[in-house]
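Report on the structure given below.
Rule-based calculations on the coordinates, nothing more; no lab input. Fair warning: this is a prediction, and the values are worked out from it, not measured in the lab. When we count neighbours, we look across all protein chains shown, and the Cβ atoms used for this are built from the backbone with ideal geometry, even at glycine.
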Amino acid sequence: MSSSQSGYLLGIGSNIEPHENIKQIIALLLKYYPQLTLSRVLSIPPIGMNSTRDFLNVVAFIETNDAEQDLKQICNSIEITLGRNRNDPDRKTKDRPADLDILTKINFPLDAAVAAHTITDEYFLYPLLDEVFGYLMGEPFDMLQSGITLSINNLTFGQTATTINRNAGTGNKGIIE
């Protein structure tokens, strides 16, 4: 990494039509932000809720100077667009089509040594956070669990950390138009 990057880490998940909804979440985020860095997509059993539906989870780094409340509005809007009832008092323990959580504001490479457990208590996200950190720092990272392959507009992601650009760029970065 040659320059500083400042932005937010998001935890993203879905356990209602998760293959389709994760793709939709990424596509909708790309309408607001020109570039996303994503961890691999993992299938994870539900934790802290009574459900038989596994989640697909991914961690995203969004480079932006937006205020946190602006990003939160975007995340809430995406959840509502995909069918989540944000007013339901049981929304945290119900199956959901979209779950976008701002984990932390972060600066790379300055904060690259931050431990995942200091960012969130959602331990199932730790390897995904570590993978994004390694990817952004250009350091190798091996994960035991294979990623889930997803595709948007013939662009495949989910097997490993990657950067997706909305509509421009070259090199090893994916492009979605």
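The distance between label points at His19 and Glu68 comes to 3.7 nm (points 7 Å beyond Cα on the Cα→Cβ vector). Once Rh is set to the Kirkwood radius over Cα pairs, what Stokes-Einstein translational diffusion coefficient, in µm²/s, holds for the chain at a temperature of 10 °C and a viscosity of 1.306 mPa s? Calculated translational D: 97 µm²/s. What FRET efficiency would be calculated for the residue pair Asn76, Thr104, taking the C-beta separation as r and a Förster radius of 30 Å, to the nearest 0.05? After rounding to 0.05, the efficiency reads 0.95. Taking a ≥ b ≥ c as the square roots of the Cα gyration tensor eigenvalues, with a/c under 1.5 meaning rounded and otherwise prolate when a/b beats b/c, else oblate, which class fits region 91-141? Prolate, since a/c reaches 1.5 and a/b exceeds b/c.
What ranking do 69-78, 141-150 get when scored by the average of other Cβ atoms within 10 Å per residue, highest first?
69-78, 141-150
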